[in-house]
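Just below is one structure, and these are the notes that go with it.
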Amino acid sequence: MLFKVNVEFNKEFFSIEKDQITIGIKTKPIKGKANKEIIKKIAKHFKVSTSMIQIKSGHKSSQKIIQIQD
């Protein structure tokens, strides 16, 4: 499954609508720490392992495409 992810910083929330996820994180985007937090939150929401989630594009952007493997 592919999802579009929009990231907002300095907020804490998670919302999903169809194939669009909007997520708020407190972690600063330094050395991939923000991406790790995003993956953890998405994994927790979908009740899957973090290894099942991959960022396909947007590693250094607030708009990402992620894939959740079945």
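The values are calculated or read from the model by the stated rules, or taken from the named source; none is laboratory data. Predicted model only: the values in this text are computed from it and were never measured. Here the Cβ is made from the backbone with ideal geometry for all residues, glycine too, and neighbour counts use every protein chain on show. These accessible areas exclude ligands, DNA and RNA; they are computed on the full protein's heavy atoms, side chains included. Shrake-Rupley method; radii C 1.70, N 1.55, O 1.52, S 1.80 Å.
One table, with the values for the structure above:
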| quantity | calculated |
| --- | --- |
| Strands (runs of 3 or more DSSP E) enclosed by the chain - at least 3 residues per element that are out of contact with any Cys (no Cβ under 9 Å at 6 or more places or on another chain) and touching a residue at least 24 places away in the same chain (Cβ under 8 Å) | 2-9, 63-68 |
| Complete set of residues in the stretch 61-70 that are open to solvent by 80 Å² or more (accessible area, probe 1.4 Å) and at pLDDT 95 or above | GLN63 |
| Scan of the stretch 17-60 for residues that are among the hydrophobic types (A, V, I, L, M, F, W, C) and open to solvent by 70 Å² or more (accessible area, probe 1.4 Å), ordered by number | ILE30 |
| Any hit, the stretch 11-18, residues being of a type in the set (Lys, Arg) and at pLDDT 95 or above | no |
